[in-house]
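Data block below; observations after.
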Amino acid sequence: MQFIDLQAQRARISDRIDSAIAKVLESGQFVMGPQVKQFEEELAAFSKARHAVGCANGTDAIALPLMAWELQPGDAVFCPSFTFCATAEVIPWLGATPVFVDVQPDTFNMDPGHLEAAIEQTLKEGKLTPKVIIGVCLFGQAANYPRLREVADKYGLKLIADSAQGFGTTISGRHPSDYADIVTTSFFPAKPLGCYGDGGAVVTNDAALAERIDSLRVHGKAVASDTKGADFEHDPKYLNMRIGMNSRLDSIQAAILSEKLAIFADEIEMRNRVAARYNEKLAPHVMSVPAVAEGVVSTWAQYTIEHEDRDGLQAHLRSKGIPSAVYYPVPMHMNVAYEHYPTGPGGLPVTEALAGRVMSLPMHPYLGEDDQDRIVEAVAGFSS
Ligand SMILES: *Cc1c(COP(=O)(O)O)cnc(C)c1O
């Protein structure tokens, strides 16, 4: 049994993927070829947003808007500590300071009340200037973006939705891009929408921001608004308007992603069926099964339970040949590289408790009922 079975999906669409790859090989345009532009259009349409810009990975996708907004030393960026490190990692890249915010005990997503307290505390101390909030769609579920938007507007801050795990999640039918200034995602193979290598993208309704990021991902090349009125007859790649980076998307990955995006909505439904069945069968045997907020559809990047004896249960499952994983055993604010950064008032008690109790079970759209029953039986056998 696999924790995430990528080959099951490959079996479904391997013909289409193989011929899409072959077309790129024949075209010879391996980086930022026409497949990238096509996929960007499909991605924007999927999330009902105006612009999508591909990039090299989901980490760069978060760094790019911070660069576009010219974050600098002395700026504060508020983000959860209960997340993958990339959410926080990009903040010090710009010399800015992450301020860690606690999460809600049911959804594991950023607590808007604690966020507001952290902003107030930062303003009162007067050492850092609040600039950006990064909400995370942890394990596939949209954070409370309507509330996070209100807080962002109240304090004049930008809002990023780090949707590396939750791309495709909706809130009463609306995508996070309806609330956040920009949504970022990762196409790392294990993510719900993954490619066959590294890749990432941003999605936004802000045309100027999308254009700035298009420039930054190609070494700060000149874009239309830079050259307006001027006549520069050479490739705008060689007219550098700002300090950027190399964060291009490969054509092969874009071609693969177009094929995967075509079945993605169906796969999200399949994941939701797997999750609903897990919930029903596991609820009596664990401390908590995942809670999804009212009106939210999760993409179920992970199916994560809480258990008082998490390490014992994990060892028990291992002995039965069932894989599991702990996301995340050490919250960001307790990692060596991040422990000197501030947290919101009162510390992060929910985050710290979750780190000791959470455990993720095998989850992918093609998880069969037999395998699922084996997993449930093993969990039930340990708990009783
Ligand atoms: C995976 C992930 C990222 C980073 O994506 P990469 O493509 O691996 O750089 C960022 N944030 C979250 C929440 C993630 O899960």
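The values are calculated or read from the model by the stated rules, or taken from the named source; none is laboratory data. Source: prediction; values computed, not measured. A quick note on method: Cβ atoms are made from the backbone with ideal geometry, for glycine too, and the neighbour counts reach across all protein chains shown. Accessible surface areas use protein heavy atoms only, side chains included; no ligands, DNA or RNA. Shrake-Rupley method; radii C 1.70, N 1.55, O 1.52, S 1.80 Å.
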Rounded accessible area per residue of the stretch 132-242, 1.4 Å, Å²: 38 Å²
Range in the chain, longest, excluding exposed GluC sites (Glu not before Pro) [loop by DSSP; at most 13 other beta-carbon atoms within 10 Å]: 71-232
R0 of 35 Å, Cβ-Cβ distance Val336-Glu294: FRET efficiency to nearest 0.05: 0.35
Extended-chain gain in nm, criterion 0.36 nm per residue less alpha-carbon gap, Trp93 and Val31: 19.8 nm
Accessible area per residue, Å², the stretch 264-383 with all protein chains present, probe 1.4 Å: 44 Å²
Whole-percent carbon and sulfur share, accessible surface of the chain, 1.4 Å: 51 percent
Rounded, prolate or oblate (a/c below 1.5 giving rounded, otherwise prolate when a/b exceeds b/c) for the chain by Cα gyration tensor: oblate
222 nm mean residue ellipticity, helices alone, for the chain (DSSP H n ≥ 4; -39,500 (n - 2.57); rounded to 500): -13000 deg cm²/dmol
Nearest-0.05 FRET efficiency for Lys320 and Ile243, computed from C-beta distance (R0 35 Å): 0.10
Full-stretch length increase - Glu125, Asp371 - with 0.36 nm per residue and alpha-carbon distance subtracted: 83.2 nm
Whole-Å distance, taken between Cα centres, linking the stretch 246-262 and the stretch 155-201: 16 Å
Segment Gln7-Ala230, extension gain: residue separation times 0.36 nm, minus the distance between their alpha carbons: 75.1 nm
Percentage relative contact order, the stretch 264-383, counting C-alpha pairs under 8 Å, at least six apart: 38 percent
Rounded, prolate or oblate (a/c below 1.5 giving rounded, otherwise prolate when a/b exceeds b/c) for the stretch 243-317 by Cα gyration tensor: prolate
Among Asp102, Asp371, Asp178, residue whose mean-square fluctuation peaks in a GNM of the chain (springs only between Cα atoms under 10 Å): Asp371
Highest-fluctuation residue, Ser298, Ser324, Ser81 considered, GNM on the chain with Cα pairs under 10 Å: Ser324
Tensor-based shape of the stretch 253-383 (alpha-carbon gyration tensor, a/c under 1.5 rounded, otherwise prolate or oblate): oblate
Phi-based couplings in Hz for the stretch 284-295 (Karplus 6.51, -1.76, 1.60; Gly and Pro marked x): x, 10, 10, 5, 7, 9, x, 9, 10, 5, 3, x
Sparse-neighbourhood loop sites, trypsin sites (Lys or Arg not before Pro) in the stretch 126-179 - DSSP loop, at most 15 other Cβ within 10 angstrom: Lys127
DSSP-assigned coil residues among chymotrypsin sites (Phe, Trp or Tyr not before Pro) in the stretch 190-281, each with at most 15 further Cβ atoms within 10 Å: Phe232
Top of Ala76, Ala337, Ala254 by mean-square fluctuation, Gaussian network on the chain, Cα under 10 Å: Ala337
Efficiency of FRET from Cβ geometry, Ala45 and Ala208, R₀ 25 Å, rounded to 0.05: 0.75
